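A.B. asks: Handing you a structure now.
The values are calculated or read from the model by the stated rules, or taken from the named source; none is laboratory data. Remember, predicted model here, so these are calculated numbers, not experimental data. Here the Cβ positions follow ideal geometry from the backbone for every residue, glycine too, while neighbour counts run over all protein chains shown.
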Amino acid sequence: MHFAQKKHQYEIMSSYLIPGKPVIVEQKVKRSLFICYIEHCPTRKDADSFIHRIAEKHADANHNCWACVAGSPNDPTGYGMNDDGEPRGCAGKPMFNVLQHSGVGEICAVVSRYFGGIKLGTGGMARAYSSSVQLAMDELETITKIHYCQLSLTLPYSFLKTAEHLVAAENGIITDTEYGADIRLHVDIPQDTEQDFIERLREAGQGGIQVIKG
């Protein structure tokens, strides 16, 4: 997978799991119906749109509570939660705890509750919301998102096969090739292997391969 890099005040995780497709699960707890929706939401804007869509779909529900990790799992700017009228800390927070402990990023969960007439108490309510999200997480298929760094390699034609082999060995991508007196390769390399890749290039090229970031 190929994604553009973004700059933040903290170090973005070079790779992490994200939802592969949406999930919907239902459970009943003391006659209350809990419907949990999980979807891939790379940004808070995406999460807000998803939350609004589910809230409209279940406008007749007593509550549409939500939690999200909209971005890298270690990106606090993407964290969010809301109890939507339930007692404070009894819905959004338990839902968020499940998401955060999963290590999955770019994820949002919305739980629509239809009250069944029996009060759950604060502890029972927290368990119902968290277990609804956990049931959905148990069914969630994930894929790995990899952040890439962009490099330009200038090299003699005699080093082309060597460079191509090293790019492939690091699970990199050659995005463009320019032919002139030398060859210029534009490559994307997984962020966490960038320095190792550059060192291997310099060693294999014996100083004949020029590397420029960006």
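A.B. asks: Within the bounds of the stretch 107-115, is there any residue that is surrounded by fewer than 20 Cβ atoms within 10 Å (Cβ to Cβ), in the same structural domain as residue 27 (by TED's automatic domain parsing) and of a type outside the set (Asp, Glu)?
C.D. replies: Within the stretch 107-115, one or more residues are surrounded by fewer than 20 Cβ atoms within 10 Å (Cβ to Cβ), in the same structural domain as residue 27 (by TED's automatic domain parsing) and of a type outside the set (Asp, Glu).
A.B. asks: So, one more: So, of the residues in the stretch 30-51 that are of a type outside the set (Val, Ile, Thr) and in contact with a Ser or Thr (Cβ under 7 Å, 6 or more places away or on another chain), which turns out to be nearest to residue 13 (Cα to Cα)? Quick ask: steps written out before the conclusion?
C.D. replies: Pass one, the stretch 30-51, residues of a type outside the set (Val, Ile, Thr): 30-34, 36-37, 39-42, 44-50.
With the extra rule that they be in contact with a Ser or Thr (Cβ under 7 Å, 6 or more places away or on another chain), the set shrinks to 34, 36.
Values: 34: 33, 36: 27 Å.
The selected residue is 36.
Residue-wise test of (1) farther than 17 Å from residue 64 by Cα; (2) in a strand (DSSP E or B); (3) touching a Leu at 6+ places or on another chain (Cβ under 6 Å); (4) outside the structural domain of residue 19 (by TED's automatic domain parsing).
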{"residue": "100", "(1), (2), (3), (4)": "yes, no, no, no"}
{"residue": "129", "(1), (2), (3), (4)": "no, no, no, no"}
{"residue": "154", "(1), (2), (3), (4)": "yes, yes, no, yes"}
{"residue": "168", "(1), (2), (3), (4)": "yes, no, no, yes"}
{"residue": "184", "(1), (2), (3), (4)": "yes, yes, no, yes"}
{"residue": "194", "(1), (2), (3), (4)": "yes, no, no, yes"}
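A.B. asks: Do any residues in the stretch 48-72 that are hydroxyl-bearing (Ser, Thr, Tyr) have Cβ atoms under 6 Å from those of residues that are crowded, with 22+ Cβ neighbours inside 10 Å and not in a helix (DSSP H, G or I), where the two are at least six apart or on different chains, and which pairs are they?
C.D. replies: 72/105
A.B. asks: Here is a follow-up. For the stretch 7-82, list the strands (runs of 3 or more DSSP E) that sit wholly inside it and hold at least 3 residues that are more than 11 Å from the chain's Cα centre (by Cα) and within 15 Å of residue 109 (Cβ to Cβ); which are they? So that I can check it myself, show each step before the final result.
C.D. replies: Working: elements: 15-19, 23-29, 32-40, 63-69, 79-82.
Once the strands (runs of 3 or more DSSP E) in the stretch 7-82 are filtered for at least 3 residues that are more than 11 Å from the chain's Cα centre (by Cα) and within 15 Å of residue 109 (Cβ to Cβ), what remains is 23-29, 32-40, 63-69, 79-82.
A.B. asks: May I pose another question? Answer yes if at least one residue in the stretch 8-20 is at pLDDT 95 or above, loosely packed, with under 13 Cβ neighbours inside 10 Å and touching a Gly at 6+ places or on another chain (Cβ under 9 Å), and no otherwise. Lay out the reasoning, then the answer.
C.D. replies: The initial filter retains those residues of the stretch 8-20 that are at pLDDT 95 or above, namely 17-20.
Subsequent filtering for residues that are loosely packed, with under 13 Cβ neighbours inside 10 Å retains 20.
If we keep only those that are touching a Gly at 6+ places or on another chain (Cβ under 9 Å) as well, we get none.
No, that holds for no residue.
Here is a yes/no grid of residues against (1) touching a strand residue (DSSP E or B) at 6+ places or on another chain (Cβ under 9 Å); (2) over 16 Å from residue 115 (Cβ atoms):
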| site | (1), (2) |
| --- | --- |
| 20 | yes, yes |
| 30 | no, no |
| 38 | yes, yes |
| 46 | yes, yes |
| 71 | yes, yes |
| 77 | no, yes |
| 91 | yes, no |
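A.B. asks: What pairs come up if the first residue lies in the stretch 151-176 and is in contact (Cβ under 8 Å) with a residue 40 or more places away in the chain, the second is in a helix (DSSP H, G or I) and surrounded by fewer than 18 Cβ atoms within 10 Å (Cβ to Cβ), and their beta carbons are under 7 Å apart, counting only those six or more places apart or on different chains?
C.D. replies: Final answer for the pair search is 162/204.
A.B. asks: Looking for something at pLDDT 95 or above and either on the phi > 0 side of the Ramachandran plot or of a type in the set (Asp, Glu) (or both) - is there at least one such residue anywhere in the stretch 140-160?
C.D. replies: Yes, because at least one residue in the stretch 140-160 is at pLDDT 95 or above and either on the phi > 0 side of the Ramachandran plot or of a type in the set (Asp, Glu) (or both).
A.B. asks: Moving to a separate point now. Of the residues that sit in the stretch 173-189 and are farther than 9 Å from residue 154 by Cβ and hydrophobic (A, V, I, L, M, F, W, C), which one is farthest from the chain's Cα centre (by Cα)?
C.D. replies: Filtering the stretch 173-189 for residues that are farther than 9 Å from residue 154 by Cβ and hydrophobic (A, V, I, L, M, F, W, C), the one farthest from the chain's Cα centre (by Cα) comes out as 181.
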